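The structure appears below as structure tokens.
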Amino acid sequence: MKHMPRVLIVEDEPAIAELISVNLRHNGFSPIWAEDGDAAQRELDAVLPDVILLDWMLPGQSGLVLARKWRLDPRTKPVPILMLTARGDESDKVAGLDAGADDYITKPFSTQEMMARIRSVLRRRTPERVDDSVVISGLSLDAGSYRVTWQGQAMKIGPTEFKLLHFLMKHAERVHSRGQLLDKVWGDHVFIEERTVDVHIKRLREALGAAGAMIETVRGAGYRLSAQAITTPEQV
């Protein structure tokens, strides 16, 4: 018997949950509805779904809090999460992705868009995690211990910025377009706008302080990490 992908819908509005469920069943999926975080956790403890549709605004714990929690749990970590949100602001989308969501759908959305995004995260190819270390001109990144230092001083960097820096350092001196960075850092399953890359580059530069100058904008082409863009003081 063919496997019907299970979709856990975490949504507190019954009318929306029912509409989504009907469309999922019609398209060969098996929907399970939970109206809040506690009910969703019970479903997850029983059987892991193939994908989670998670509403941002929920009674009790918000979708953002739940996404973060499920990403920290090794058992639920691999399950793709699609955030359902009425928030269209760039900062909210970035917050959702930072919390561990794989993608988001802004309400109101069409059935076709929802199905396309669900199918996309199900066939996703996520960049593999590489536990290695890279050192470039005083900037050091250790993927295994999740540490970044600049001239021996520890830097505080967010999870997405860390992945972005890791990729840029591994491919230093090469120019990468926004599209390439989306595919290589976020994975080729995401539907986020290329402008989101600019938001994270800006955050990364701010987090790196003086070392941020190593990340160059190549007009009309993309971004490059270059050791030549910064002069490292002579080590005493």
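Values quoted throughout were computed directly from the atomic coordinates according to the rules given, and no laboratory measurement underlies them. It should be emphasised that the depicted structure is a prediction, and the values quoted were computed from it without experimental measurement.
Summary table below
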| item | result |
| --- | --- |
| Region 41-82: proportion of alpha-carbon pairs further apart than 14 angstrom, % | 45 percent |
| Antiparallel %, DSSP beta bridges [both residues in the chain], to 5 | 50 percent |
| Distant alpha-carbon pairs in region 11-80 (separation over 19 angstrom), percent | 31 percent |
| Cα convex hull of region 6-122 - mean projected area over all directions, nm² | 6.3 nm² |
| Geometric extent, Cα atoms of region 133-229 - Rg, Dmax (angstrom) | 12.5, 37 |
| Rule-of-thumb Rg ratio for the chain [Cα; 2.2 N^0.38 Å; N residues] | 1.13 |
| Pairs of Lys in the chain closer than 14 Å at Cα, counting only those 8 or more apart or on different chains | 4 |
